Structures are given as C-alpha cells and as structure tokens.
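Enquirer: First the structure, which I've put down as structure tokens, then a few questions once you've had a look.
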Amino acid sequence: MEQIISLIRQPWPWYVAGPLIGLTVPVLLLLGNKSFGISSSLRHVCAACMPAKIPFFSYDWKKEKWNLFFALGILLGGFIAMTFLRESTAVTVHPNLVKELAGYGIHDYSSLVPPDLFSWPSLLSVRGLIMMVGGGFLVGFGTRYAGGCTSGHSIMGLSSLQWPSLVATCCFMAGGFIMANLILPTILSL
Amino acid sequence: MLKYLLAGTAFGIILVKAELVSWFRIQEMFRLQSFHLYGIIGSAVIVGMISILIIKKFGIRTISGEKVNIPDKKFNKGQIYGGLIFGLGWALTGACPGPLLAQAGGGVTVIAVTLLSAVAGTWVYGRFREKLPH
C-alpha cells in the first residue's frame, strides 16, 4: 500500500498519463454523449456573463452547463493533486533548457510554474504582463478562432479522425515552435 | 452534473501528475528536448481512437441508452489562423486552457489573471467574428 502511495506521489510517466487522458474521450461520450473539449467553457462564460447581443454568444449556454462543471472539476483536481498527491513540486528539465533560462535570470524550479515569470510581482513587469495577460489573450482568442484547443482538436478531433483537427493541431505546433524559439527569447530578455 | 465534475477532477489530477501543467515541460517540447509531451499526446490519441472504434463496432450506448454521436468538424481557415495564434499563446503561457485551470486550482493565484485574459480573448473573437477570415 505504501509503495502504491509513493508511486502516485511521484510524477507520472507519459505512458501512464497519456492513456489516462485518452480515456477521457470514451468516458465523456458514455456519460452523456459529450465531446471532450475545454476551451468551449471560456465561450460559455462569455455567453453567461457578457453576451452583449453578440450573435456568437447568443445561445442557451445552460444547455452546455456540463462543460462548466467539467472545468470546475479540473480546478478542483489541480487543488487535490497539488495539496495531497505530490512529494515535491520541483521539476527536472533538460540541462540545455536550464542553461538557456539561466541567461534570462530564471533559476527557480521549485514550482510547476516558474515563480520568476508567473507571480503577482511579475505582473507589474513588461515581461510578466506580456506573458500572463498577452499569452492568456492569445490562448482565448486563438482557441475560439480555431474552434477548439489541444483537448477538442488534438485529442478528441484526432481520435475521431477529423481532418480539420489535424490541420488545427499542426498549426498549434507551428505557432508554438515559432514562439518558443524565435519570439520568446526577445520577450524573456525584457 | 456531479459526474462531469468528477470526470473533470480526475482529469485535473492527471494534468498535474503528468507535469502537463508545467511551463518548463512545454518549453522542452518546443525545443525538442524531451519526448514526454509527444508521448502523452500520441498515446492519448491512440487510446481515444481505439475507444471510439470499440464504441462504434459494438454499438455501445451511453449510460442513459442513447446512441453515441460525434459531430463532424467542418474545415474553415480559422483552424489555420486561430491555430497559429493559439500556438503562440500556448508557448508563452506554457499552458492550454485545461492546464490553466489546473494551475489556478493548484494555488498559483496569479493564473486567475491569465484565465480572465483568455475569457477576454474569447469575447473579442466573438465580437469581431464576422470581420475575420474563415
């Protein structure tokens, strides 16, 4: 029993976590014919809080309430995992990345999210503002424009052989490569 | 609705345990320094694909007895433009919408700002939707 608990408290390898994430697809389908997707919850929040007579937000969001409960669950899951299921929150990463990030003054690996970048004081810096506020905006705008995110397109869409999702996934990756390798270095040196 | 809350909770726990919520891990992926995330997405897609095949082949129904129905996605140019824009944001924040929720729940309170900004981005898209190429 203790061994099992200790295994759970360590980071899970990809071949355990990946299949579990894949199982979310049939679980949601069988629970109630729901297609896995998370970014739609952002749209439902807009429709519920600020529809402003915009056609895109004029629909019965209450019918999609399940998606908001699912999103709330993720929030709760994050809390449970961080509070009870972790030995340490330190992350081990590739030495080349450590070297690169040290050049930008990022040394703290104690948390899942680098405190050097994502923290309240950092919000007042240009770098932090671009990464947290600008990044969040791009995520919200881009996922809706693309009609889904990594869950809706890359997992659900690819699993059900939707070719538009393959296009979207390739563009997600392309955007990520461009940002991480070509633009991010400039932002990190601000 | 409780069942979806529980499914979400399980998903959130997996996201944290898989370190998918880590900005560092996303950076590793886009620098081709680690197989971790490719392995996760790849194996998740394979398991999802096999599950859907099984559901279709054996005509498995939902717990309330409905036929399982997966709507087809239609192609439009938004998947290209929006996809690229989301990709930029993904590498900046080191998170897609799911991990953002898990981070906020996991106690990184400042991520609430990123989430609000994501809601704002969604709203702005809805506001200017007709003017954007699709």
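The values are calculated or read from the model by the stated rules, or taken from the named source; none is laboratory data. Note that this is a predicted model, so its numbers are computed, not measured. Using ideal geometry, Cβ is built from the backbone for each residue, glycine included, and neighbour counts are taken over all protein chains shown. Just the protein is used for accessible areas: all its heavy atoms, side chains included, with ligands, DNA and RNA removed. Shrake-Rupley method; radii C 1.70, N 1.55, O 1.52, S 1.80 Å.
Enquirer: log₁₀ I(q)/I(0) of the stretch A:135-190 at q = 0.13, 0.15, 0.21, 0.30 Å⁻¹, via Debye over equal Cα point scatterers, no solvent, to two decimals?
Expert: -0.37, -0.47, -0.78, -1.14
Enquirer: Find how many whole Å separate the alpha carbon centroid of the stretch A:145-180 from the alpha carbon centroid of the stretch B:1-76.
Expert: When both Cα centres are located, 13 Å separates them.
Enquirer: Further, regarding this structure: Quick one: how many lysine pairs in the stretch B:1-92 have C-alpha atoms under 20 angstrom apart, if they're 8 or more apart or on different chains?
Expert: Taking the stretch B:1-92 as the scope, the lysine pair count is 4.
Enquirer: Please list the three semi-axes, largest first and in whole Å, of the ellipsoid equivalent to the stretch B:12-75, using sqrt of 5 times the eigenvalues of its alpha carbon gyration tensor.
Expert: Working: eigenvalues 203, 38, 26 Å².
In descending order the semi-axes read 32, 14, 11 Å.
Enquirer: Bin by bin, in steps of 10 Å, what percent of the Cα pairs in the stretch B:1-133 do you find, going until the bin that has the longest distance?
Expert: Whole-percent P(r) values from 0 Å outward: 10, 28, 36, 24, 2.
Enquirer: Inside 10 Å of the C-beta atoms of A:52-62, what's the mean count of C-beta atoms belonging to other chains?
Expert: Other-chain Cβ atoms within 10 Å of each residue's Cβ, averaged: 2.
Enquirer: Check cross-link reach from A:K53 to the aspartates and glutamates: straight Cα distance under 16 Å, and skip same-chain residues fewer than eight apart.
Expert: Within the straight-line limit of under 16 Å, A:K53 reaches these aspartates and glutamates: B:E130.
Enquirer: Take the stretch A:1-158, compute every pairwise Cα distance, and split them into 5 Å bins from 0; I just need the percent in each bin.
Expert: Bin by bin from 0 Å, the calculated values are 2, 7, 11, 15, 17, 18, 15, 9, 5, 2, 0, 0.
Enquirer: Is there a simple number for the mean count of other chain Cβ atoms within 10 Å of the Cβ of residues in A:94-101, and what is it? Display every interim value, and only then the final one.
Expert: On the way: counts 8, 1, 3, 7, 1, 0, 3, 2.
Counting Cβ atoms of other protein chains within 10 Å of each residue's Cβ and averaging gives 3.
Enquirer: With every protein chain kept in place and ligands, DNA and RNA left out, what is the accessible area per residue of the protein assembly as shown? Probe 1.4 Å, answer in Å². Could the numbers behind the result be given before it?
Expert: On the way: 14100 Å² over 324 residues.
I get 44 Å² per residue for this part.
Enquirer: Place a +1 charge on the Cβ of each Lys and Arg in the protein assembly as shown and a -1 charge on the Cβ of each Asp and Glu, then give the dipole magnitude about the Cα centre in debye, rounded to the nearest 20.
Expert: Working: 25 positive and 12 negative charges, 216 e Å.
With Lys and Arg at +1 and Asp and Glu at -1, about 1040 debye.
Enquirer: Show me the ranking of peptides B:44-55, B:8-19 by mean Cβ neighbours inside 10 Å, starting with the highest.
Expert: B:8-19, B:44-55
Enquirer: Name the residue from A:S58, A:M173, A:G32 whose Cα lies farthest towards the positive end of the charge dipole of the protein assembly as shown, charges +1 on Cβ of Lys and Arg and -1 on Cβ of Asp and Glu.
Expert: Positive-most Cα among the choices belongs to A:S58.
Enquirer: Another question, then. Beta carbons within 10 angstrom, averaged per residue: use that to sort the peptides B:62-73, A:113-124, highest first.
Expert: In decreasing order of mean packing, B:62-73, A:113-124 become A:113-124, B:62-73.
Enquirer: Can you give the log10 of the normalised intensity I(q)/I(0) at q = 0.10 Å⁻¹, computed with Debye over equal Cα scatterers of the protein assembly as shown?
Expert: After summing over all Cα pairs, the log10 values are -0.53.
Enquirer: Something else about it: Okay, helix-only estimate at 222 nm for chain B: each DSSP H run of n ≥ 4 adds -39500 (n - 2.57), divide by all residues, round to 500 deg cm²/dmol; what do you get?
Expert: Taken over chain B, the calculation gives -21500 deg cm²/dmol.
Enquirer: Roughly how large is the B-A contact in terms of buried accessible area, totalled over both chains, probe 1.4 Å, nearest 100 Å²?
Expert: 10100
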